[in-house]
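Everything below concerns the one structure shown next.
Since every read-out is calculated from the coordinates, none of them should be taken as a lab result. Everything numeric here is computed off the predicted structure, so don't read it as measured data. Ideal geometry is used to build each Cβ from the backbone, glycine not excepted, and the neighbour counts take in all protein chains shown.
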Amino acid sequence: MDTKPQPHNVMEIFFRRSRAHGLKVTPQRTVIYEELLKARDHPTADDIHKRIVKKIPNISLDTVNRTLLTFSKIGITHVVEGYGQAKRYDPDVDTHHHFRCVRCGCIIDFRNKEYDDIAVPDEIAGKFEVTRKKVVLEGLCGKCNNKKEKGT
Ligand SMILES: [Zn+2]
Ligand SMILES: [Zn+2]
């Protein structure tokens with residue numbers, strides 16, 4: 001069952017959330033959000049900037065950076081857990097999980113009902129308020145695994 005919202009609905013959510021948070025829906029913000037939605041690679045602000053600079057030549061990386069952080073604050077984007085590198089953004093705010101390649105850093109989405117329902121350990125539940133659960137699996141992606149076998 002594919003429950004992913006259709007692009008039209010997603011833009012609706014974007015407009016509604018922005019308005020609810022007093023955030024003006026500017027053409028720049030709309031383009032940034034649309035570009036992020038299209039991305040399946042959990043891009044950095046720099047990646048998004050490179051992709052939209054063709055459409056908006058005078059947009060600065062700083063603007064893209066700040067806009068993505070604002071999107072995260074109002075909950076229409078998630079920041080992917082960091083590894084000391086540039087922040088990466090995830091347009092998919094529905095519950096899903098990640099496989100991360102430790103070599104090339106690619107992040108692949110997957111969905112799994114059992115992981116969604118995973119129990120919070122008592123030592124955590126007793127001390128903290130858990131607002132989101134995400135399972136991150138690490139290893140080598142297909143491409144990197146092939147390279148390893150070839151010995152390169
Ligand atoms: Zn890889
Ligand atoms: Zn993701």
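Overall form of the stretch 23-73: rounded. Here a/c, set by the Cα gyration tensor axes a ≥ b ≥ c, is under 1.5. Overall, the anisotropy analysis places the stretch 99-152 in the prolate class: the square-rooted eigenvalues a ≥ b ≥ c of its C-alpha gyration tensor yield a/c not less than 1.5, with a/b exceeding b/c. Label positions at V79 and D94, each projected 7 Å from the Cα along the C-beta direction, are separated by 2.6 nm. The mean sequence distance of close C-alpha pairs (under 8 Å, at least 6 residues apart), as a share of the length of the chain, puts its relative contact order at 17 percent. Would you mind classifying the chain by shape? Square roots of the alpha carbon gyration tensor eigenvalues, ordered a ≥ b ≥ c; an a/c under 1.5 is rounded, otherwise it is prolate if a/b is larger than b/c and oblate if not. Here the chain falls in the oblate category.
Would you mind finding the longest exposed-site-free stretch of the chain, with exposed chymotrypsin sites (Phe, Trp or Tyr not before Pro) meaning DSSP loop and at most 15 other Cβ atoms within 10 Å? Longest stretch, sites excluded: 1-82. The residue list G139, C101, I48 was ranked by how far each Cα lies along the charge dipole of the chain toward its positive end, using unit charges on Cβ atoms, and I48 comes out on top.
Rounded to the nearest 20 Debye, what is the dipole magnitude of the chain about its Cα centre when Lys and Arg each give +1 and Asp and Glu each give -1 at the C-beta?
Working: 28 positive and 21 negative charges, 137 e Å.
The calculated dipole for the chain is roughly 660 debye.
Using only side-chain charges placed at the Cβ, +1 for Lys and Arg and -1 for Asp and Glu, the dipole size of the stretch 65-152 relative to its Cα centre rounds to 600 debye.
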